[in-house]
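Every number in this text was worked out from the coordinates using simple rules, so none of it is lab data. A quick note: this is a predicted structure, and the numbers were derived from the prediction, not measured. Please note: Cβ atoms are built from the backbone with ideal geometry, for glycine as well, and neighbour counts cover all protein chains shown.
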Amino acid sequence: MQKRPFVTKQQLDEIVKKYPTPFHLYDEKGIRANVRALQKAFSWNKGFKEYFAVKATPNPYIIKILHEMGCGCDCSSLTELMLSDALGIRGEEVMFSSNATPAKEYVFANRIGALINLDDITHIDFLEKLVGIPETISCRYNPGGVFQISNSIMDNPGDAKYGFTKEQLFEGFRILKEKGAKRFGIHAFLASNTVTNEYYPVLAKTLFETAVELKEQTGVQVSFINLSGGVGIPYRPDQEPNDIYAIGEGVRKVYEEVLVPAGMGDVAIYTELGRFMLGPYGCLVTTAIHEKHTYKEYIGCDACAVNLMRPAMYGAYHHITVMGKEDAPCDHKYDITGSLCENNDKFAIDRMLPKIEIGDLLVIHDTGAHGYSMGYNYNGKLRSAEVLLKEDGSTQLIRRAETPRDYFATFDCFPILKDLDYERVDI
Ligand SMILES: *Cc1c(COP(=O)(O)O)cnc(C)c1O
């Protein structure tokens, strides 16, 4: 299957006149259509709610669009909680799914009334000493071992730092009940970026059966079950995208099989999707600024790994389109690189692409989640802007690019840096 950008060459030529590359561009139309599809797929469940994983794309404009459409926020840090709160998203619209949680993050989460999802049995005491046990509380479950669908191993929860063991989960619920908690939830995140319609249904079955056992053994009736994130996207053109309707239907079937007969047909299903919500609806736009012919053929871009870390960090594949050459033959083999002094700063290695000229615009696909947000400042490189392509075709700057002033801002303890002449570098 061919992967096409959500923006045309003609549109992009206009956009880059206004916003210099590199920048991340987001597709409001695609985002909205995808949210509607998710909600339709789970409309059979009365209490269904998506808590968008803020860490995937922590931009207030994007989160506002999602919130308008009924999504809450899944946060795991102080600043993510602050961002939600600043947008008026608080109370039970916020899920706080953290781990190794600093005290002040629990205090702030409690202050804004967020639903707290505990990562460990020892956090019960930790939380109680800080703010007491809230009436509604959730626990993160880790069944250990490997997470398997049919014969294929999807991930390795037994190696993951997250969650309560099964024994701890049962013990934890008994303790929480004794300490006065009234409403309970369970959560698990057992495999990441799954490109199969089976992940959620298989995970749901595990959680639903656990909820029934919890009721039988502890008398605790779970009110919500949080399937968390992990529904993936097809980064590669040959991957079959997930069908969210098949996923919703698969979860409904196990709900009917496991929860309904146990008298638990009123349990709400929550999700904390990040990648699935935004991944395909963002791209990194960069310009080819150099070509280099040594032992290999290189194209040097004005973006680098600080703008998109996944290829350097995980060797992740991100599809690349050379704008205006969508249908040209891919008869040149390139490494597409950034300018970091790190040899892993390559968006693609040995990638077959059309012949690239200096000045060509490259669209790096699927950067809408875990793209900008994983950025950093290595080599003193600056983070890019974020631009929203709205439904009417107009654009809006939703985050400006960093400037040297931002980079040096944390040195305000060193008077000498106050006198930096920023205008001198304004070229
Ligand atoms: C990262 C994360 C998510 C979102 O994961 P995706 O793979 O982007 O769907 C959800 N919940 C928690 C607790 C996470 O850490």
- line: Note on the stretch 280-419: contact order normalised by length, alpha-carbon pairs under 8 Å, 6 or more apart, percent, works out to 27 percent
query: Which value, in debye to the nearest 20, gives the size of the charge dipole of the stretch 27-279 about its Cα centre, when Lys and Arg are +1 and Asp and Glu are -1 at the Cβ?
result: 480 debye
task: Just name one of MET277, LEU362, VAL231: the one whose Cα is farthest towards the positive end of the charge dipole of the chain (beta-carbon charges, Lys/Arg +1, Asp/Glu -1).
output: MET277
message: For a quick check: with amide H placed at 1.01 Å from N, whose amide H comes under 5 Å from PHE164's, ignoring anything fewer than 5 positions away on the same chain?
response: ARG140, TYR141, ASN142
query: Relative to the Cα centre, what is the charge dipole magnitude of the chain, using +1 at the beta carbon of each Lys and Arg, -1 at the beta carbon of each Asp and Glu, and rounding to the nearest 20 debye?
result: 380 debye
- line: The helix 199-218 Cα axis meets the longest alpha-carbon principal axis of the chain at an angle in degrees, between 0 and 90 and rounded to 10, of 30 degrees
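Could the peptides 385-394, 364-373 be put in order, highest first, of the mean number of other beta-carbon atoms found within 10 Å of their residues? Working shown, then result.
Working: 385-394: 16.3, 364-373: 25.3.
Output ranking for 385-394, 364-373: 364-373, 385-394.
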- prompt: In degrees from 0 to 90, rounded to the nearest 10, what is the angle of the helix 166-178 Cα long axis to the longest principal axis of the chain?
  reply: 60 degrees
- request: Tell me the Kirkwood hydrodynamic radius of the stretch 309-386 in angstroms, computed as one over the mean inverse distance between distinct C-alpha pairs.
  value: 13.6 Å
- request: First check a/c for the stretch 70-180, with a ≥ b ≥ c the square roots of the eigenvalues of its C-alpha gyration tensor; if it is under 1.5, answer rounded, and if not, answer prolate when a/b is larger than b/c or oblate otherwise.
  value: oblate
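Tell me what the chain gives for mean residue ellipticity at 222 nm when only DSSP H runs of n ≥ 4 count, each as -39,500 (n - 2.57), the sum divided by the residue total, rounded to 500 deg cm²/dmol.
-8000 deg cm²/dmol
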message: Sort 289-295, 354-360 by the packing proxy (mean of other Cβ within 10 Å over each peptide's residues), most packed first.
response: 354-360, 289-295
statement: Check: C-alpha center the stretch 354-427 vs C-alpha center the stretch 164-201, spacing in Å is 39 Å
message: If amide hydrogens are placed 1.01 Å from N in the peptide plane, which non-local residues have theirs closer than 5 Å to the one on GLY229?
response: GLU272
- line: With bins of 20 Å, the percent of all Cα-Cα pairs of the chain per bin from 0 is 24, 52, 22, 1
message: Using 0.36 nm times the number of residues separating PHE411 and ALA246, minus their current alpha carbon distance, what extension gain do you get?
response: 54.2 nm
- prompt: To the nearest 20 debye, what is the magnitude of the charge dipole of the stretch 273-350 about its Cα centre, counting +1 on the Cβ of each Lys and Arg and -1 on the Cβ of each Asp and Glu?
  reply: 240 debye
- prompt: Out of CYS341, ALA305, GLY47, whose Cα points farthest toward the positive end of the dipole of the chain (charges: +1 Lys, Arg; -1 Asp, Glu; placed on Cβ)?
  reply: GLY47
Packing-based order for 164-171, 50-57, using average beta carbon neighbours within 10 Å, highest first: 50-57, 164-171
task: Work out how far the C-alpha atoms of the stretch 280-419 reach from end to end along every principal axis, then list the three figures in whole Å, largest first.
output: 55, 45, 27
task: Filter the GluC sites (Glu not before Pro) in the stretch 76-105 down to the DSSP loop ones having no more than 15 other Cβ atoms within 10 Å, then list what survives.
output: none
field: Rounded tilt (10° steps) of 122-131 against the dominant C-alpha axis of the chain
entry: 90 degrees
- request: Quick one: compute the contact order of the chain, relative version, from alpha carbon pairs under 8 angstrom and 6+ residues apart, as a percent.
  value: 18 percent
- request: Using Cα pairs closer than 8 Å and at least 6 residues apart in sequence, work out the relative contact order for the stretch 184-251, in percent.
  value: 50 percent
task: Binning at 10 Å from 0, report for the stretch 27-279 what percent of all alpha-carbon pair distances ends up in each bin.
output: 7, 32, 38, 20, 2, 0
